[in-house]
Amino acid sequence: MLGIYRLAMWPLRKMPAHEYEQAVRAPIWFVVVIGLGITLLALYTLGRLPAEGEQFFIGWPRLGPVLLADAYTLWGSALLGVTLAATAWVPAVRRGIATHSWALSLVMLSLTWIALLTLHGLRPQLLLLGWLALLGGVLGLWTWLFRPHWRWRQVEPLVLLAVIGLLGVLGIAWLNALGQQADLTALWSSLLSASPRATSGATVLLVLGWLGPAAYLPWWLWTRRDDQAARWLPAALLLAVTGMLVLVRVLVFAFPTADPQFLQATGLEQLFLIRRALDWMLIWGLLALWVGTAWLAYTALLRQALALALLRPLVLVAVALVLLALTAALRTQTADALHGLLWMVFTWLGFIAVWLGAGGVLPLLTPREQGERSVLIAAVVLALAALVAIPPTAGFLAVSRLWQAWGAIGAPRALMVTALVICGVSAAVQLPRWSRQQEAATVHPGTGWGILAPFGIAFALLASGILYGRLGPLLDLVQRSLRQNF
């Protein structure tokens, strides 16, 4: 296949230089188109599902069902497609990444296929294999692109992601052993005879291993503006989003809320198997929220020139909100809480994609391109507004739907709202200085249309909140598929 592509490119060498350069980078644009296609197809299929929902099991007669397709996997596929399209857009508009375009595109399409299989996986063994393949592919791509000299500052992502991946592997393997190798739909019944300490331990490892990339990868990529980081961005966020989506499904399937009559008859507490793990998740989420907020407030008070890294605490705030949403949704499992969790995952993805996408394009725009710069800054502001739950964005919908659940689990809602207000004000104070530092001295051809992807994602964060009346029934179908409530 690669030979065919190279052979097809040979006659095009007589084209004008700028046109040939675009043709060489055509595979990157093909990745963007594939991502958009996955999103549109998934949303179209989700909209065509009946109101009572459906589940489709895929497998073989001798092995039984292996894959599960339902409203949640369609919604997750749409988010994976958005991630692929929005992040591949950044290297596509950078003229300097023409090298390795065809090979990078094939790797990205392969990783996308693995991510979709992992998302649809019904058995823990398949999730384990998919996670290892996805993690190995992302780390292999990082090594190929960065060619590190094996010093700590250069191999940090390799080592930390390997450790995070190991925790995720141990977590899913432990849960599989406790569940006696049952598939996800039957895992909860096998876990009833397991030890609460063991299930809490497996859950903590799962959260650290599968949610860890969503915290670490944006943190590491935040200050990187080189071409290697732009090439690696789609694969990195594909790993982060897949881990988050699969973690939500595994935990809700494995630990559903029990029938009240069953609890009364047995004298057990609700979710007694993972009560300790849920308490730790709540504490970690609150700690990350306030550490990120305090860090941002401190940097906002600095009078010195703003370094790019000083806005990185926004990553802590974003992942803390996801962790708090997951804790509340898992403990209560009400329709509102699961709705809020879905909105919060979308808000996290939109915020990260916009800030990393705009951060990859803004440094390529000169002061003469004020129109493009204004659009990107507007996208960044919209994404920040969604993160701190300003209405009518998706973030506001997430917080409003989670409000009762946070109260039910004893989360300090007033302190959380205060943290979001401080976070928003602190980041807004720094935005003008940050944007002025992102100006290129020379013109970079081909980057003007790089504004479209970040602004499109930011607009989706706003439009989804405005159109909630139309999107509500779809998300209700998704949350019911999580609870297997058809």
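The values are calculated or read from the model by the stated rules, or taken from the named source; none is laboratory data. Nothing here was measured: the structure is a model prediction, and the numbers come from that model. Note that we place each Cβ from the backbone using ideal geometry, even for glycine, and neighbour counts take in every protein chain shown. When the accessible area is computed, the model is the full protein with side chains, heavy atoms only, and any ligands, DNA or RNA have been set aside. Shrake-Rupley method; radii C 1.70, N 1.55, O 1.52, S 1.80 Å.
For the chain, relative contact order (Cα pairs under 8 Å, six or more residues apart, normalised by length) works out to 17 percent.
Once the convex hull of all Cα atoms in segment 86-231 is built, its volume per residue stands at 112 Å³. Normalised per residue, the accessible area of the chain is 41 Å², obtained with a 1.4 Å probe and no contribution from ligands, DNA or RNA. Two numbers describe the Cα atoms of the chain: Rg and Dmax, which are 22.4, 80 Å. When the Kirkwood radius is taken over all Cα pairs of segment 305-408, what Stokes-Einstein diffusion coefficient follows at 25 °C and 0.890 mPa s, in µm²/s? Once the numbers are plugged in, D ends up at 168 µm²/s.
Taking the charge dipole of the chain about its Cα centre, with +1 at Lys and Arg Cβ atoms and -1 at Asp and Glu Cβ atoms, the residue from Thr39, Val317, Leu116 reaching farthest to the positive side is Val317. Placing R0 at 51 angstrom, the Cβ-Cβ distance between Thr45 and His149 gives a FRET efficiency of 0.60 after rounding to 0.05. Distance from the Cα centre of segment 194-256 to that of segment 30-89, in angstrom? Each part reduced to its Cα centre gives a spacing of 19 Å.
Among Thr366, Leu475, Leu431, whose Cα sits farthest toward the positive end of the charge dipole of segment 346-482 (+1 at Cβ of Lys/Arg, -1 at Cβ of Asp/Glu, about the Cα centre)? Among Thr366, Leu475, Leu431, the one farthest towards the positive end of the dipole of segment 346-482 is Leu475.
Taking a ≥ b ≥ c as the square roots of the eigenvalues of the alpha-carbon gyration tensor, segment 175-214 is classed oblate because a/c is 1.5 or more while a/b is no larger than b/c.
Please report, to one decimal in angstroms, the Kirkwood hydrodynamic radius of segment 47-142 built from all distinct Cα-Cα pairs. After inverting the mean inverse Cα-Cα distance, the result is 15.3 Å. Estimated from helical segments only, the mean residue ellipticity of the chain at 222 nm is -25000 deg cm²/dmol, where each DSSP H run of four or more residues counts as -39500 (n - 2.57).
Of the residues His339, His149, ranked by 1.4 Å probe accessible area with the largest first, the sequence reads His149, His339. Distances between every pair of Cα atoms in segment 189-241, grouped in 10 Å steps from 0 to the bin holding the largest one, split as 22, 34, 20, 15, 8, 0 percent.
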